[in-house]
Amino acid sequence: MNAITTYANARDPHSPLDIVPVTGTIGAEIRGVTLSGDLDAETVQAIKDAVVRHKVVFFRDQHELDDARHEGFAGLFGDPVAHPTVPVAEGSRYLLELDSKEGYAASSWHTDVTFVDAYPKASILRGITIPEAGGDTQWANGETAYEGLPESLRQLVNNLWAVHTNLYDYAAVLQNAPKGDGAEKERQLFQKNVFASTVYETEHPVVRVHPVSGQRSLLLGHFVKQFVGLNQADSARLFQILQDHITRPENVVRWRWRAGDVAFWDNQATQHRAVADFGLQRRTLRRATVSGEVPVGIDGRRSRTVRKEKATEFQPA
């Protein structure tokens, strides 16, 4: 692992950017940068370094960042990719729209698209319509979570693998949706987008080695179906123990959105969730993702997709 202690979410004295950490373990605001696809190479590299160091970085008041500029900015950091099962936002090439038309947000901890093998290495989320109150997003640091495990648990997870899938019951995720027609429409939309397209199952190491920093982090979230070699009941118990370690307040940053804000996070070392506390207020954001590489575990083994097939009907896991 590298020399940076992940518990110290401190400024980088060598960075040319104005970076202000938000918490002691995760998150920083970058000031004085106007985002676009035309940033110079030094600034792009400094942002890359900041994302690896702080796990998620925030840019306030990027009001000129429309869809085209959003996609151009994402392209500076790798190959942007569309979501594998959900259609792109209207008028864009690969942006995913998160629109709470019925007062709903995906209030469940997850890492983006881990049901495929080479899931995105980074996500860039832009706030468009933000509730007057509520609708924050939280991010959790998988590296500090791993470092904070008791030694006995760390030894257990070092060799543990998990099956991630997009075939699971969204009813649990939709539990915060308003009752009535709105919640039913959201449930049907999720089933149409996910279960009527392609079903994926992928085996990932529970401890992933970061391809840039070499740090170890816990790779879990709501796409986990079960652990390899364990039954459903034992998997559920162990999953909750590990997930609780990841989402301890000490590992988490919470961002209060304003329209025009941008959050850019390392999807290889974090989880995140929207907080569904905004009732029937409108909340609209658009997200770009940058293609990643197949995760590698401590023993050098790489993740592998074990199922990819056309879905025929909704079958909750």
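The values are calculated or read from the model by the stated rules, or taken from the named source; none is laboratory data. None of these values were measured; they are calculated from a predicted model. Neighbour counts are summed over all protein chains in view; Cβ atoms, including those assigned to glycine, are modelled from backbone coordinates with ideal geometry. In case anyone asks, the SASA skips ligands and DNA or RNA and just uses the protein heavy atoms, side chains included. Shrake-Rupley method; radii C 1.70, N 1.55, O 1.52, S 1.80 Å.
Summary table below
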quantity	calculated
P(r) histogram, all alpha-carbon pairs of the range 246-297 included - 5 Å bins from 0, percent	4, 11, 23, 23, 18, 14, 5, 2, 1
Accessible surface of the range 1-144 [probe 1.4 Å, protein heavy atoms]: carbon and sulfur percent	47 percent
Solvent-accessible area per residue for the range 18-59 (1.4 angstrom probe, square angstrom)	38 Å²
For the range 154-159, Karplus couplings with θ = phi - 60° (6.51, -1.76, 1.60), whole Hz, Gly/Pro x	4, 5, 5, 6, 4, 10
Fraction of accessible area attributable to carbon and sulfur, the range 193-246 (%, probe 1.4 Å)	53 percent
Loop-resident sites, the range 1-81, for trypsin sites (Lys or Arg not before Pro), counting at most 14 other Cβ within 10 Å (DSSP)	60
Per residue solvent-accessible surface (Å²) - the range 85-165, probe of 1.4 Å	34 Å²
Cleavage-rule hits (GluC sites (Glu not before Pro)) in the range 67-136: DSSP loop, at most 15 neighbouring Cβ within 10 angstrom	90, 132
Amide proton proximity set for residue 29, modelled H, under 5 Å, gap of 5+	20, 22, 58
For the range 19-46 and the range 110-155, distance of Cα centres in Å	18 Å
For the range 263-302, accessible area per residue (1.4 Å probe, heavy atoms of protein chains only), Å²	35 Å²
Whole-Hz ³J(HN,Hα) from phi, Karplus 6.51 cos²θ - 1.76 cosθ + 1.60, for the range 51-68, glycine and proline x	5, 5, 6, 9, 6, 8, 10, 10, 10, 7, 6, 8, 5, 8, 7, 7, 4, 5
Accessible surface of the range 271-314, 1.4 Å probe, proportion on carbon and sulfur as whole %	44 percent
